[in-house]
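Data block below; observations after.
The values are calculated or read from the model by the stated rules, or taken from the named source; none is laboratory data. A quick note: this is a predicted structure, and the numbers were derived from the prediction, not measured. In this analysis, Cβ positions are derived from the backbone assuming ideal geometry, glycine residues included, and neighbour counts consider all displayed protein chains. Ligands, DNA and RNA are stripped out before the accessible areas are found, and what is left, the full protein with its side chains, is counted by its heavy atoms. Shrake-Rupley method; radii C 1.70, N 1.55, O 1.52, S 1.80 Å.
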Amino acid sequence: MRRALWIGVLVIGGAATALWAFDIVPGLAFPLVGGLSVLAWAFGPRLHDARPRRPWRMFTAAALFFLVGVVVRALLQDQPYPLAQLGDAFSVCGFGFFIAAMVTFLNRWGINRHALLDGLIVCLGAAIASALLFVLPAVGIPGRPLLVSVLAGLYPLLDVVIVLLGVNLAFTTAVREPAFVLLGSMMLLLFAGDLGYAVIGRHGDVNGPRLMALPFLAGFALGGAAALHPTAKALGQATPLPIQAWSPARMLVIGPAVAVPFVLTVVLAHPTPLSRWILGVGGAAIVALLLVRASDAVQSHAAAQRRFEHQATHDPLTGLPNRRLLGIMVDRLLTGAGPGDVWMFYLDLDGFKLVNDSWGHPAGDRLIAEVGARLRHALPAAATVARVGGDEFVVVQRCAEPAAMADARRIMECVERPLRLTGPDGTEAEVVVGASMGIVRAERHGTAEALMRDADTAMYRAKEQGRNRWTVFDASMRDAVRERVEIEVALRAAVAQEQLSIAYQPIVDLTDGLGERTVGAEALVRWEHPVRGWIGPNMFIAVAEDANLISALGAWVLRESVQQAARWRADGTVGEDFWMSVNVSPRQLGDAAFADRVAAILEQAHLPAGNLVLEITESVMVEGSELTERLLRRLRELGVRISVDDFGTGFSALGYLRRHPVTGVKIDRSFVGGLGTSPEDEEIVRAVVAMSSALNLAVVAEGVETTAQRDVLAALGVPLAQGWLWDKAVPAADFAARQRHRERVVEPAAGRSD
């Protein structure tokens, strides 16, 4: 309903204008439309919560004074001087309020220098034309009262001011909403109406024919519609133009204004000295404004170009050179001469992600800015400090090796100093971050790209070695990176073409003390490279994680191992209680559809969910999100068992085991290897067994290689184990054959024991 009010005002205004034009009840048109316009100005902005309210109040006052002026002029037009001019007093006040409202909007939008210059050019052109064509002829009519002459010359000048403000408003904003268009149309109608009166005023006529009031009547309707339109709220703020260019549309407004002095010089047949002065001074002022505008445009373009170049070559957060400028500066440094060698320090902040996640991105931005400022302050002026990534900085300088190592220590010290940050809830605390840094000395005929690549390689080596340290690059690192890249390319092809294989290691029951009965198996992926031969999982699993291949690889291993367990159950190779243990990566548990995929794989293979054990790492429990927690609980609802792999090597805590729906733990081989020789390892295993028993968790010991380890595990009450003592991980066919062989050996032994 509110949105249709402005249309109603336009319809009523159009109907009233038509009635006025055909001289049908003319006495009602202006009071009706003018009254609606005043009400619209007064209450329309409130309906749409248009801010600020001050210019709308001024528009309301302007509309009210205009309406009173029209009514009074109509009532007193036949009265003698000066009563007949009383209506003009109200109209002039209306102009004052109208101009004040427009100035308020313009101040709120912000006065643009170029828009102001263009507006002044248009204003001067209009002022010259108005003065020579209307003001001077109207003032010079003999025998007319001074007040009448002043008013006749004043209206064109007021229109010139409105033109100036209207042009400035139009030139200032890039978006012109319907309310702006309606308001601008009203201003044009007011200008057209006053122009008509100015034309007849040249010959001494003041009132003119009745139809000359049509623009004012239509202007009332458009003004009221502008105040009621929902986009009136947008008039409170402008959308600045990025560049105040002399576009074709703008030149259609400016061009005629520039041509006015030259056209009038030709048109005026008998110019007076005052007319010549107006043409000369006005024309010179327009030319001066054009020169200022052109000069300012050139300077603004140059400043914009400098800003663009700075933004393109500098980091906006720290003001430091970015990767692009760094490359140029390093190449320049490499080709130049000087004492010492060129050294590059490539550092990545350790713990920055934790700050971002815990304190929010604004705190992270402050941390980055502070680190950049510290580096710039701590290092020599000749050193170049750049930010090349989210939390990555590069320092380059030419110096001797002792100075380079001293700078490395200085860099680490300034990064590690505590920094006070404010969190999103307003709390303050000191945070400490570290840095992993790679250092490289430039080789002869090197390039910036090669130098950054080697420094980045050394930085990642520092991270692998434990973080918060630095590593100096050597050529072997480059070979290792090249080898890793080659492995990644080959691994992608192997995963896509399913060229990997799965080996199965038996998990045995230790409750008889010997581990003669196989109760399960762990599926372990294997890769035989066509050139490199067998590649250990410790290498290619890490590559799969970094290359985002682990999800596809893990899905394939899960599907193949579940189907294999189902086939063994079906052909009698294993018993009904045999279970398959499969490793799951944290990335897989970050997939919301993972539990549904597991359910689909189990259903397709016709394997009960209780015969599947998914092994997770301790980091999943410590760093897991709400999504991971929901997935684990969903898997348990399906009946899938969940075991914690390599238990005791990470952030082991009783609270994590109680909080997460795990069903078992697997004791890491590092503790099993010392059994029989290390009392400490034996106590750790004993504690794990006691804790697991209290929480009703199954316990599996991995990496069992000797009978002594087996005997200690059995004595400690560990019920399940796996390791080379029983068998290595072997292909499915070999596992099945050995399983059948074990069954044949175990059954006669069981018969003899009876």
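What to note about this one:
- Of R54, R202, the residue with the largest accessible area leads and the full order is R54, R202 (1.4 Å probe).
- Ranking by accessible area, most exposed first, for S476, S91, S551 with a 1.4 Å probe: S476, S551, S91
- Each residue of the range 588-602 was assigned a 3J(HN,Hα) from its phi angle through the Karplus expression (A = 6.51, B = -1.76, C = 1.60, θ = phi - 60°), giving 5, 6, x, 9, 4, 8, 4, 4, 5, 5, 4, 4, 5, 5, 5 Hz with x at Gly and Pro.
- Only protein heavy atoms count here; on that basis, with a 1.4 Å probe, Y460 has an accessible area of about 110 Å².
- Cα coordinate range in the range 367-428, projected on the principal axes (Å, largest first): 48, 21, 16
- Share antiparallel - DSSP beta bridges, the chain, percent rounded to 5: 65 percent
- Each residue was assigned an accessible area with a 1.4 Å probe, and for W56 the value is about 10 Å².
- Qualifying lysines (Cα of each under 17 Å from Cα of K353; at least 8 residues distant if same chain): K463
- 13 Å cut-off, amide nitrogen to a point 7 angstrom out along L28 Cα→Cβ, residues in the range 207-236: none
- Longest exposed-site-free window of the chain, the sites being GluC sites (Glu not before Pro) in a DSSP loop that have at most 13 other C-beta atoms within 10 Å: 1-497
- At the residue level, D456 shows approximately 40 square angstrom of accessible surface with a 1.4 angstrom probe and all protein chains present.
- Neighbourhood charge, 15 Å Cβ-Cβ cut-off, centred on D194 and excluding it, Lys, Arg +1 and Asp, Glu -1: -1
- Applying 0.36 nm per residue to the separation of D357 and A18 and subtracting their alpha-carbon distance, the gain on full extension is 115.4 nm.
- Rounded to 0.05, the FRET efficiency of the A552 and V531 pair, given R0 = 22 Å and the Cβ-Cβ distance, is 0.45.
- Here the peptides 590-597, 293-300 are ranked by packing, the mean other Cβ count within 10 Å, and the order with the highest first is 590-597, 293-300.
- Inter-part distance, the range 288-342 to the range 80-128, computed on C-alpha centroids, equals 44 Å.
- Here's the list of lysines a cross-link from K666 could span, going by alpha-carbon distance under 22 Å and ignoring same-chain residues fewer than 8 apart: K728.
- From phi via Karplus (6.51, -1.76, 1.60), per-residue ³J(HN,Hα) for the range 118-135 in Hz, x at Gly/Pro: 5, x, 5, 4, 5, 4, 5, x, 5, 5, 5, 4, 5, 5, 7, 8, 10, 5
- Global form of the range 302-369, assessed from the alpha-carbon gyration tensor, a/c cut-off 1.5: oblate
- Mean accessible surface per residue for the chain, computed with a 1.4 Å probe while every protein chain stays in place, in Å²: 49 Å²
- Prolate/oblate/rounded label for the range 204-359 (Cα gyration tensor, a/c 1.5): oblate
- Calculated Rg and Dmax of the chain using C-alpha coordinates, Å: 43.3, 146
- Local electrostatic count, D474, Cβ distance below 11 Å [Lys/Arg +1, Asp/Glu -1]: +1
- Under the Karplus curve 6.51 cos²θ - 1.76 cosθ + 1.60, θ = phi - 60°, whole-Hz ³J(HN,Hα) for the range 178-188, x wherever Gly or Pro sits: x, 4, 5, 5, 4, 5, x, 5, 4, 5, 5
- Cα centroid separation - the range 536-609 against the range 168-225, whole Å: 78 Å
- Distant-in-sequence amide H partners of E522 (H built 1.01 Å from N, under 5 Å): Q505, I507, S581
- The calculated FRET efficiency for R597 paired with A570, based on their beta-carbon distance and R0 = 22 Å, is about 0.45.
- Residues whose amide H comes within less than 5 Å of that of I502, counting only those at least five positions distant or on another chain, are R526 (H built at 1.01 Å from N in the peptide plane).
- With the convex hull drawn around the C-alpha atoms of the range 110-217, the volume per residue stands at 97 Å³.
- Ordering F171, F97 by accessible surface, largest first, gives F97, F171; the 1.4 Å probe counts only protein heavy atoms, with every chain in place.
- The range 302-451: C-alpha gyration tensor shape, a/c 1.5 cut-off, then a/b vs b/c: oblate
- Efficiency of FRET from Cβ geometry, D341 and F43, R₀ 60 Å, rounded to 0.05: 0.20
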